[in-house]
Amino acid sequence: MNTQNTQSTPPVLATESAEDINHIFTDQNPLGSRVAETQIEPTPKVETPEEAQKRTAIYTRVLRWIGASILGIAAICFLIGGWANASDLHRTYGFLGFTALLTAAGVFCTYRWRDDKGARTFMAIATAFLPANFAQVGGLIYAKVKAPVLHEGLRDHFSFGVLNTQDLVIVGLISLIVLAPIAFLGFSALARSGAKKMTALFILGNAALLLPWRSANLIAGLGFALCAILVYADRKWFAKVTALQTWDGIAMRTLLFAPAGLFIVRNLVMHGPTLSLVGLIFGLLSALFFLGIPRCLPGKQSASASQLAAHAFSFAAWSCLVFEFFAPDSIFNGLPLSLLFLPWCILVFSLSFIGAGRGAFTRGMVSIVASGTCWADIANLGGYGPSITCILVAVALILAAFVLEEKVILASGLGALGVGIAYHLHFAMMLVQTNLWLSLAAAGMVVILASSFLERHGPTIRGRSRQLRERWQGWN
């Protein structure tokens with residue numbers, strides 16, 4: 001008889017529940033407990049080559065931005081203090097060589113390392129430095145044509161001495177020979193489809209920096225003309241090109257306005273601000289907030305907010321231009337407010353048809369401002385001029401309301417018309433007091449003619465009134 005010394009597992013009866021079975025394996029079999037508690041660890045995720053490449057691209061993009069920022073800071077430090085003890089020629093040739101070195105680094109990245117991103121970064125920075133190079137040459141030309149002016153503080157770093165004619169011609173030719181190809185390489189790298197036109201416009205803008213004139217009104221006029229040309233060219237040639245709607249394309253399109261900005265800022269810093277220059281800056285801000293920024297915003301509401309800010313900037317620009325030719329206190333001492341507000345109202349009313357948001361709201365607000373301006377002129381100045389202007393504005397608003405079918409414009413027009421007619425009735429009452437018999441005769445004739453007109457055209461007038469009430473229900 002064989003004796004079994006091994007310990008056997010008690011049999012599981014069919015009547016035992018799942019809890020009893022679990023109790024057996026956890027209490028009577030510790031090994032089973034450890035097996036049950038053991039969890040299978042998930043296999044670690046292996047990074048794919050595509051994910052590794054994306055991660056590396058993020059790091060390199062951040063490094064390029066850091067490097068570009070450092071180069072920009074280095075250029076500013078060099079322009080402000082790095083050349084304080086250098087001669088005028090060394091200052092000009094030094095920054096010109098620095099710009100050419102950045103372009104050479106971009107060419108090296110292209111042909112040696114086959115790195116197009118690094119090459120575009122270097123060439124974009126070099127192209128962005130071109131207006132500073134042209135401004136230096138323009139400073140040398142201005143010092144040659146005009147007598148040099150002594151400045152104090154920071155402005156002294158941007159002043160130049162008088163060079164002889166030979167050196168000035170040589171530095172101008174060398175700068176043009178070096179900088180024109182750099183501009184073409186930069187625009188070719190980031191805006192291939194419009195490189196030739198962009199280079200021509202960019203050189204045109206930089207050529208304005210060579211002009212030896214510093215009159216504030218002349219600079220404001222030239223700056224406005226230059227910006228108008230650039231805006232027209234951008235809308236006609238570049239805005240609808242798909243390749244130029246990327247971030248690189250937008251950056252290069254924005255860079256076209258850098259010479260015009262430096263052209264204006266140079267005069268502000270070196271020769272002081274004037275109302276014409278400040279008005280030009282507000283005008284450029286208005287164009288930026290109305291045409292440029294809304295294209296980069298996600299929704300219509302944010303674009304509408306940007307364009308409302310543009311209208312505020314446009315009013316500031318027009319106010320500066322008005323105050324340039326009229327004293328600010330003359331607005332309330334003889335100069336009509338309509339001169340200040342009505343041209344701006346016409347501009348905003350016209351732009352409301354191409355805006356991003358609800359044009360009806362903008363037109364309604366403008367019509368209220370226009371009619372309120374006419375009321376203020378009648379109350380402040382009086383006379384035939386303000387009253388006739390009020391009636392003309394009222395008629396224009398009423399006609400626009402019927403064409404556009406907008407209630408606020410009609411209400412503003414009727415209000416202005418009522419004020420204008422009431423003011424003219426005031427003159428009629430004065431005429432009655434001096435020529436009573438003539439006024440009574442005219443009044444009697446008008447009453448008889450009005451009764452005849454109503455008798456003949458009464459049904460037509462009632463029908464037209466009914467149609468107007470029905471149309472009024474569907475107006476905005």
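The values are calculated or read from the model by the stated rules, or taken from the named source; none is laboratory data. Bear in mind that the values here come from a model prediction, so they are computed numbers and not experimental data. Using ideal geometry, Cβ is built from the backbone for each residue, glycine included, and neighbour counts are taken over all protein chains shown.
The requirement of being of a type in the set (Phe, Trp, Tyr), in contact with a helix residue (DSSP H, G or I) (Cβ under 9 Å, 6 or more places away or on another chain) and part of a helix (DSSP H, G or I) is fulfilled somewhere in the stretch 180-189, by at least one residue.
For every residue, the table says whether it meets (1) in contact with a helix residue (DSSP H, G or I) (Cβ under 9 Å, 6 or more places away or on another chain); (2) in contact (Cβ under 8 Å) with a residue 12 or more places away in the chain; (3) assigned by TED's automatic domain parsing to the domain that holds Ala411.
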| position | (1), (2), (3) |
| --- | --- |
| Val278 | yes, yes, no |
| Ala287 | yes, yes, no |
| Gln301 | no, yes, no |
| His311 | yes, yes, no |
| Ser319 | yes, yes, no |
| Leu340 | yes, yes, yes |
| Ala356 | yes, yes, yes |
| Val369 | yes, yes, yes |
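Scanning the stretch 236-286 for residues that are farther than 18 Å from Leu218 by Cα and either in a loop (DSSP other than H, G, I, E, B) or of a type in the set (Gly, Ala, Ser) (or both) yields Ala239, Lys240, Val241, Ala243, Thr246, Gly249, Ala251, Leu256, Phe257, Ala258, Ser286.
In this entry, Ser350 passes the filter for residues that are farther than 30 Å from Pro212 by Cβ and in a helix (DSSP H, G or I).
Tell me the helices (runs of 4 or more DSSP H) entirely within the stretch 20-137 that contain at least 3 residues that are modelled with pLDDT of 80 or more.
On the way: elements: 30-37, 49-77, 88-111, 116-128.
Of the helices (runs of 4 or more DSSP H) lying wholly inside the stretch 20-137, those with at least 3 residues that are modelled with pLDDT of 80 or more span 49-77, 88-111, 116-128.
If only residues of the stretch 112-133 that are over 13 Å from Phe95 (Cα atoms) and of a type in the set (Phe, Trp, Tyr) are counted, the one that is nearest to the chain's Cα centre (by Cα) is Phe122. Evaluating Val366 against the criteria (1) more than 30 Å from Ala422 (Cα to Cα); (2) modelled with pLDDT of 85 or more; (3) crowded, with 19+ Cβ neighbours inside 10 Å leaves one unmet condition, (1). Number of residues in the stretch 155-187 that are within 27 Å of the chain's Cα centre (by Cα) and at pLDDT below 90 equals 0.
Among the residues of the stretch 210-220, some residue qualifies, meaning at least one is under 17 Å from Leu179 (Cα atoms) and over 20 Å from the mean Cα position of the chain (by Cα). Which of the residues spanning the stretch 305-321 are under 18 Å from Arg363 (Cβ atoms) and more than 12 Å from the chain's Cα centre (by Cα)? Correct list: Ala312, Phe315.
Would a scan of the stretch 338-347 turn up a residue that is buried (at least 18 other Cβ atoms within 10 Å of the Cβ) and either β-branched (Val, Ile, Thr) or outside any helix (DSSP H, G or I) (or both)? No - not one qualifying residue is present in the stretch 338-347.
For the condition within 26 Å of Gly138 (Cα to Cα) and of a type in the set (Phe, Trp, Tyr), what is the one hit in Phe315, Phe257, Phe238, Phe325? Criteria check complete, one pass: Phe257. Scanning the stretch 252-306 for residues that are polar (S, T, N, Q) and touching a Lys or Arg at 6+ places or on another chain (Cβ under 8 Å) gives Asn267, Ser304. Taken across the stretch 233-246, residues that are at pLDDT 90 or above, small (Gly, Ala, Ser), buried (at least 16 other Cβ atoms within 10 Å of the Cβ) and on the phi < 0 side of the Ramachandran plot do occur, with at least one present.
Of the candidates Phe224, Phe263, Phe257, Phe238, the single residue that is touching a residue at least 40 places away in the same chain (Cβ under 8 Å) and within 18 Å of Phe158 (Cα to Cα) is Phe263.
For Ser319, are the conditions met, namely being closer than 24 Å to Lys236 by Cα and at pLDDT 85 or above?
Against the criterion (closer than 24 Å to Lys236 by Cα and at pLDDT 85 or above), Ser319 does not qualify.
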